[in-house]
Amino acid sequence: MSPAADASKSQIAYRWIRERIATGAFGPGYRLVLSALAAELSMSVVPVREAVRALTAERLVTFERHVGARVALVDGAQYRFAMQTISMLEGAATALAAPFLTAEDIARARELNDVVRRGLPDLDPRVFRAVNQELHRTLYARCPNPRLLELLGAEWIRLGNLPDSITGLVAGRAAAVVDEHAALIDLMESGAAADTIERAVRRHRAGSVTADLAVRHPETGSCELPVPEGA
């Protein structure tokens, strides 16, 4: 098989495994047996091994001697650092996406925010997280920097491997989240400056994470998400 064919197959394997990690089909700690994956994908082990190496570089997969490759685990302490990373990446991506948003994007974001507003105070935390993430994705998806989106997507996939007890809907925070969403959407619709949008996103993330850690994981310490000057 030519090197080009191997590279193409490794990309297929990479996307296939990454998608299953993202959806939870391959959950935290799931052992990635190369021969079994290769058989399921009808290819040799070589491109699968390359795919797993790429996923390991993204920290979606870990490798242990005598154990092999497993889907990475993320604990409460790592949650704080993951959210610091997401705050910076998402703030930048949302600011860059703003000039490219369509009226349909804005309407979709408002619709998703209304789903949360109407569901309060009894909205299932899992539904809240899913709708919240979709709303933010709607606002940053048109970012013209594909590498930034790739990094952000990888962090969200890693965060998806957290146990349900790590994150959730903190009482009293949900209503503030809805109001902050509405203000952010208004900023983007009005053509606000990029740095203003970036600060708004990072303040929003900081508020949610600080509230979540204070209630669920006080042992991790405060979560000072960095916000650019002028916030």
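Just so you know, all these numbers are worked out from the coordinates, no wet-lab data involved. Since we're looking at a predicted model, the values are computed, not measured. All Cβ positions, even for glycine, are placed from backbone atoms using ideal geometry, and neighbour counts span all protein chains on display.
How far apart, in nm, are two points set 7 Å out from the Cα along the Cα-to-Cβ line at Leu73 and at Ser42?
So the label points at Leu73 and Ser42 sit 3.7 nm apart.
What list of ³J(HN,Hα) couplings, whole Hz, do you get for region 11-18 from phi and the Karplus terms 6.51, -1.76, 1.60, once you set θ to phi - 60° and write x for glycine and proline?
The phi angles translate into 5, 4, 5, 4, 5, 5, 5, 4 Hz.
Summing +1 for each Lys or Arg and -1 for each Asp or Glu, what net charge is found among the other residues whose Cβ lies under 14 Å from the Cβ of Leu139?
Summing Lys/Arg as +1 and Asp/Glu as -1 gives -3.
Quick check on the exposure proxy: order Val178, Val127, Val71 from fewest to most C-beta atoms within 10 angstrom.
Val127, Val178, Val71
Give, in nm to one decimal, the length gained when the segment between Asp179 and Ala130 is fully stretched (0.36 nm per residue of separation minus the Cα-Cα distance).
The Asp179-Ala130 span can extend by a further 15.9 nm.
In terms of modelled amide H atoms, which long-range or inter-chain residues lie less than 5 Å from the amide H of Ala72?
Counting only residues 5 or more places away or on other chains, the set is Gly29, Val61, Thr62.
Quick one: Cα centre-to-centre distance for region 84-128 and region 13-81, in angstrom?
When both Cα centres are located, 29 Å separates them.
Distance in nm between label sites at Ser35 and Asp186, each 7 Å beyond Cα in the beta-carbon direction?
Going from the Ser35 label point to the Asp186 one covers 6.2 nm.
Work out the FRET efficiency for Glu111 and Trp16 from their Cβ-Cβ distance, taking R0 = 25 Å, and round it to the nearest 0.05.
Efficiency, from the Cβ-Cβ distance: 0.20.
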